[in-house]
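*Asks:* The structure's right below; bear with me while I get my questions together.
The values are calculated or read from the model by the stated rules, or taken from the named source; none is laboratory data. From a predicted model like this one, the values you see are computed outputs, not experimental measurements. Cβ coordinates were reconstructed from backbone atoms using ideal geometry, including for glycine residues, and neighbour counts include every protein chain displayed.
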Amino acid sequence: MSSQETLAPETSAVMNTYARFPEAMVRGEGVYLFDEKERRFLDFYAGIAVNGLGHCHPHLVKTLQDQATKLWHVSNLYHIPEQERLAKRLTANSFADRVFFTNSGVEAMEGMIKLARRYHYVDGNPNKWRIITVQGAFHGRSLATISAAANPKYVEGFGPAVDGFDNVPFGNLNELRSAITEETAAILIEPIQGEGGIRPANMEYLKGLREAADEFGLLLIFDEIQCGNARTGKMWGHEWADIKPDAIATAKGLGGGFPVGCFMATEEAAKGLVPGVHGTTYGGNPLAMAAANAVLDVTEKDGFLDHVQEVASYLQGKLDQLVADHSSIFTSWRGAGLMIGLQANAENIEAIKVISAFKDEGLLTVGAADNIIRLLPPLIIEKEHIDEAYAAMDAAAKKLEG
């Protein structure tokens, strides 16, 4: 069976929506995964930027085990102490005053979109409901979020797009400003596009978005589902631009592998969300809150963000060497912190072939648009793991060169 063959649809009861690799991962230890044959893989995709603390982190495991013996779910009809604790920790380390907890990133995005519309409604401007988005974005797979991103690949076959989104080129402030109308409510972008190919926004562009939002009375809302939670070496990706948004949505690394997300907002931006207008059954349950609080116990420690920046710089230096030594396979890399896109040379090879070659050498990565191989390792990696990853990438490139 080749690396891209999967079980035939008729042999599985699972819907055939993923072109899965044939391996089944059965356990993890730190930065490594093991398949059913006990082959060890260095994990440089971390469940697509989710397992920030690696696999089976002792503190996270113990916290979940302890919580599992106490209480799993009560619903948001009752106060959840760990939810309040987590919200205060998140707001203390961000621009935000209020947090709404969700089960996933896409649910957080839906809530943030509703927040933006509701804000103008209660402010006496119900005509302001449209949101400007940018090309190359990925905000999730609900009907609203695929419409927001306007990527034909994800919209095709799902009927008319959800109205309310105006899509403009990424990075072009003039075209974005030209798209603002009396119906515009907000500007929505990822500070670093993930699925779109690890494309970081220019810092001046982000500052220009803040200025445009202030000038026209709009909310500036960020999708930090992938680039948040210390992935870039700061707790939030937008912090590199030294600006403050009105709201962000985040998930992925927040729970270290446990399904949890949230959207966060200033008191002003959140003023329209009052009892009865938004809700969730599972969001913010005690198990999810225990997991996310355990993740913060680690990421908030002195020196953690410095460590991410240090190992990220080391990785980036190795990638400079890799690209220089194998220019027929790689053209460049881009990104920030431990959110890196390694670009395969489209004239010679497809990224998926490189990803398969890496896997054959024991290194797990994941693709993205623009012929990109994403490197999203656990934030706890050390330089020796980067050396190991480099050796695997170098060996794979040599074999691909023939």
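*Asks:* So, of the residues in the stretch 255-282 that are over 20 Å from residue 188 (Cβ atoms) and among the small types (Gly, Ala, Ser), which turns out to be surrounded by the most Cβ atoms within 10 Å (Cβ to Cβ)?
*Replies:* Among them, the one singled out is 256.
*Asks:* Do we have residue 60 as of a type outside the set (Ser, Thr, Tyr), over 25 Å from residue 245 (Cβ atoms) and touching a Gly at 6+ places or on another chain (Cβ under 8 Å) here?
*Replies:* So residue 60 passes the test.
*Asks:* Further, regarding this structure: Please work out which one of (1) buried (at least 18 other Cβ atoms within 10 Å of the Cβ); (2) within 17 Å of the chain's Cα centre (by Cα) is the condition residue 142 fails and give its number.
*Replies:* Going through (1) buried (at least 18 other Cβ atoms within 10 Å of the Cβ); (2) within 17 Å of the chain's Cα centre (by Cα) one by one, residue 142 breaks only (1).
*Asks:* Looking at the stretch 22-44, can you tell me whether even one residue there is assigned by TED's automatic domain parsing to the domain that holds residue 311, touching a Leu at 6+ places or on another chain (Cβ under 9 Å) and assigned to a helix (DSSP H, G or I)?
*Replies:* no
*Asks:* Against the conditions (1) surrounded by 11 or more Cβ atoms within 10 Å (Cβ to Cβ); (2) within 30 Å of residue 234 (Cα to Cα); (3) not acidic (Asp, Glu), where does residue 75 fall short? Just the number, please.
*Replies:* Here residue 75 meets the rest and fails (2).
*Asks:* Shifting gears a bit: In a helix (DSSP H, G or I), closer than 28 Å to residue 34 by Cβ, without any contact (Cβ under 8 Å) to a residue 24 or more places away in the chain and over 24 Å from the mean Cα position of the chain (by Cα) - does that describe any residue in the stretch 373-386?
*Replies:* Among the residues of the stretch 373-386, at least one is in a helix (DSSP H, G or I), closer than 28 Å to residue 34 by Cβ, without any contact (Cβ under 8 Å) to a residue 24 or more places away in the chain and over 24 Å from the mean Cα position of the chain (by Cα), which makes the answer yes.
*Asks:* Of a type outside the set (Gly, Ala, Ser) and within 25 Å of the chain's Cα centre (by Cα): is that true of residue 69 in this structure?
*Replies:* no
*Asks:* Could you say which residue among 61, 106 is buried (at least 18 other Cβ atoms within 10 Å of the Cβ) and among the β-branched types (Val, Ile, Thr)?
*Replies:* 106
*Asks:* Looking only at the stretch 264-288, which residues are farther than 20 Å from residue 221 by Cα, of a type in the set (A, V, I, L, M, F, W, C) and within 19 Å of the chain's Cα centre (by Cα)?
*Replies:* Answer for the stretch 264-288, where residues must be farther than 20 Å from residue 221 by Cα, of a type in the set (A, V, I, L, M, F, W, C) and within 19 Å of the chain's Cα centre (by Cα): just 288.
*Asks:* For the stretch 80-96, check the following and say yes or no: at least one residue is out of contact with any Leu (no Cβ under 8 Å at 6 or more places or on another chain), over 26 Å from residue 246 (Cα atoms) and either surrounded by fewer than 14 Cβ atoms within 10 Å (Cβ to Cβ) or among the hydroxyl-bearing types (Ser, Thr, Tyr) (or both).
*Replies:* No, the conditions are met nowhere in the stretch 80-96.
*Asks:* Related question: Restricting the stretch 342-355 to residues that are surrounded by 18 or more Cβ atoms within 10 Å (Cβ to Cβ) and touching a helix residue (DSSP H, G or I) at 6+ places or on another chain (Cβ under 9 Å), which is farthest from residue 386 (Cα to Cα)?
*Replies:* That would be 349.
*Asks:* Here's another thing I want to ask about it. Return yes or no: is residue 113 among the hydrophobic types (A, V, I, L, M, F, W, C), within 27 Å of residue 381 (Cα to Cα) and surrounded by 14 or more Cβ atoms within 10 Å (Cβ to Cβ)?
*Replies:* It is false that residue 113 is among the hydrophobic types (A, V, I, L, M, F, W, C), within 27 Å of residue 381 (Cα to Cα) and surrounded by 14 or more Cβ atoms within 10 Å (Cβ to Cβ).
*Asks:* If I filter the stretch 51-79 down to residues being aliphatic (A, V, I, L, M) and without any contact (Cβ under 8 Å) to a residue 12 or more places away in the chain, which single residue comes out as nearest to residue 255 (Cα to Cα)?
*Replies:* The residue in question is 61.
*Asks:* May I ask you to say which residue of 146, 113 is in a helix (DSSP H, G or I), at pLDDT 95 or above and over 15 Å from residue 219 (Cα atoms)?
*Replies:* 146
*Asks:* Sticking with this structure for a sec: Here is a list: 161, 185. Which entry is buried (at least 20 other Cβ atoms within 10 Å of the Cβ) and not in a helix (DSSP H, G or I)?
*Replies:* Only one candidate passes the filter, namely 185.
*Asks:* Which one of these is touching a residue at least 24 places away in the same chain (Cβ under 8 Å), under 25 Å from residue 193 (Cα atoms), surrounded by 14 or more Cβ atoms within 10 Å (Cβ to Cβ) and more than 20 Å from the chain's Cα centre (by Cα): 101, 21, 41?
*Replies:* 21
*Asks:* Okay, next question. On the given criteria, is residue 219 buried (at least 22 other Cβ atoms within 10 Å of the Cβ), farther than 30 Å from residue 311 by Cβ and in contact with a helix residue (DSSP H, G or I) (Cβ under 6 Å, 6 or more places away or on another chain)?
*Replies:* yes
*Asks:* Look at the stretch 173-182 and say how many of its residues are assigned to a loop (DSSP other than H, G, I, E, B) and under 15 Å from residue 211 (Cβ atoms).
*Replies:* 1
*Asks:* Only residues that are farther than 30 Å from residue 89 by Cα, in contact with a strand residue (DSSP E or B) (Cβ under 6 Å, 6 or more places away or on another chain) and not hydrophobic (A, V, I, L, M, F, W, C): list them for the stretch 296-335, please.
*Replies:* Passing the criteria: 331, 332, 334.
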